[in-house]
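Peer 1: I'd like to ask some things about the structure below.
A short reminder: the numbers here are calculations on the coordinates, not readings from a lab. Not measured: the values here are computed from a predicted model. Quick reminder, even Gly has a Cβ in these numbers, built from the backbone with ideal geometry, and neighbours come from all protein chains shown.
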Amino acid sequence: MIEIEIKARADHEALKKRLKQEGAAIERIVDQADIYFNAPDRNFGKTDEALRLRNESGQIYLTYKGKKLDPLSKTRKEVEVEVADHKKMEELILCLGYRETLRVHKMRVIYHLDGALVCLDKVDGLGEFVELETLATDEGDMPKRRDFLIETLRRLGVTGDLIRESYLEMLLVKK
């Protein structure tokens with residue numbers, strides 16, 4: 001699958017009011033603790049890839065993210081698998097020669113609106129953001145789905161610039 005994602009800085013209180021007006025309801029609130037790794041044979045910062053081990057309120061996921069496919073959004077191939085044991089998976093990754101790059105922690109409030117996932121993220125060290133996500137079945141469907149997300153974001157009253165950098169990239173720059 002291809003994940004299409006847009007992100008912007010946002011005031012969460014104003015967005016919560018607007019989401020309620022639009023009829024969106026909170027699906028769930030999750031605590032996400034991520035560990036990002038770099039490969040032993042290439043620099044993911046240069047290849048625009050990511051390998052992440054996430055603890056999401058007790059559920060553990062290993063995710064590979066490919067390079068960005070679109071100049072306006074964070075659209076990229078994503079492969080994710082749920083794993084049973086965080087510590088053993090982290091140990092396995094390190095044994096394979098991967099190195100920890102950085103840890104990212106955020107609280108995420110998840111809404112659904114018109115086929116889009118709307119996430120209000122509070123990221124330690126960075127502040128408040130909104131991310132809208134959807135999936136495309138192929139690259140031909142990407143522009144239409146991306147434009148839908150941008151239109152939905154603007155409808156919610158978010159007028160700031162889109163941010164293509166991941167939270168990881170933003171924190172690395174801040175360091």
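Peer 1: Which whole-Hz ³J(HN,Hα) couplings does segment 100-116 yield from phi under the Karplus relation 6.51 cos²θ - 1.76 cosθ + 1.60, θ = phi - 60°, glycine and proline marked x?
Peer 2: With the stated coefficients, segment 100-116 comes to 5, 9, 6, 10, 10, 10, 8, 9, 10, 9, 10, 10, 10, 8, 6, x, 10 Hz.
Peer 1: Could you line up LEU94, LEU168 from fewest to most neighbouring Cβ atoms inside 10 Å?
Peer 2: LEU94, LEU168
Peer 1: Can you list which of the trypsin sites (Lys or Arg not before Pro) found in segment 5-81 are DSSP loop residues with at most 11 other C-beta atoms within 10 Å?
Peer 2: Details: sites: LYS7, ARG9, LYS16, LYS17, ARG18, LYS20, ARG28, ARG42, LYS46, ARG52, ARG54, LYS65, LYS67, LYS68, LYS74, ARG76, LYS77; in loops: ARG42, LYS74.
Within segment 5-81, the qualifying trypsin sites (Lys or Arg not before Pro) (loop, at most 11 other Cβ atoms within 10 Å) are ARG42.
Peer 1: Among LEU135, GLN59, ILE26, whose Cα projects farthest towards the positive end of the dipole of segment 2-174, with charges put on the beta-carbon of Lys, Arg (+1) and Asp, Glu (-1)?
Peer 2: ILE26
Peer 1: Name the residues whose placed amide hydrogens come within less than 5 Å of the amide hydrogen of SER73, ignoring near sequence neighbours (fewer than 5 apart) on the same chain.
Peer 2: For SER73, no residues qualify.
Peer 1: If amide hydrogens are placed 1.01 Å from N in the peptide plane, which non-local residues have theirs closer than 5 Å to the one on GLY157?
Peer 2: The list, which skips near neighbours in sequence, is empty: none.
Peer 1: Related question: List, in order, the whole-Hz ³J(HN,Hα) value for each residue of segment 140-147 obtained from phi through the Karplus relation with A = 6.51, B = -1.76, C = 1.60 and θ = phi - 60°; use x for Gly and Pro.
Peer 2: x, 8, 4, x, 5, 5, 4, 4
Peer 1: Hey, another quick one. Quick one: which residues, 5 or more positions from GLU165 or on another chain, have an amide H under 5 Å from its amide H? H modelled 1.01 Å from N in the peptide plane, none for Pro or chain starts.
Peer 2: Distant-sequence amide H within range of GLU165: zero hits.
Peer 1: Another question, if that's okay. How would you rank SER166, SER73, SER57, going from fewest to most other Cβ atoms within 10 Å of each one's own Cβ?
Peer 2: Lowest count first: SER57, SER166, SER73.
Peer 1: Step through the residues of segment 60-68 one at a time and calculate ³J(HN,Hα) from phi using the Karplus curve (6.51 cos²θ - 1.76 cosθ + 1.60, θ = phi - 60°), rounding each to whole Hz and writing x for Gly and Pro.
Peer 2: Once rounded to whole Hz, the list reads 10, 9, 9, 10, 9, 10, x, 5, 5.
Peer 1: Let me ask something additional. Charges only on Cβ, +1 for Lys and Arg, -1 for Asp and Glu: so what's the dipole of the chain about the Cα centre, in debye to the nearest 20?
Peer 2: Value, rounded to 20: 420 debye.
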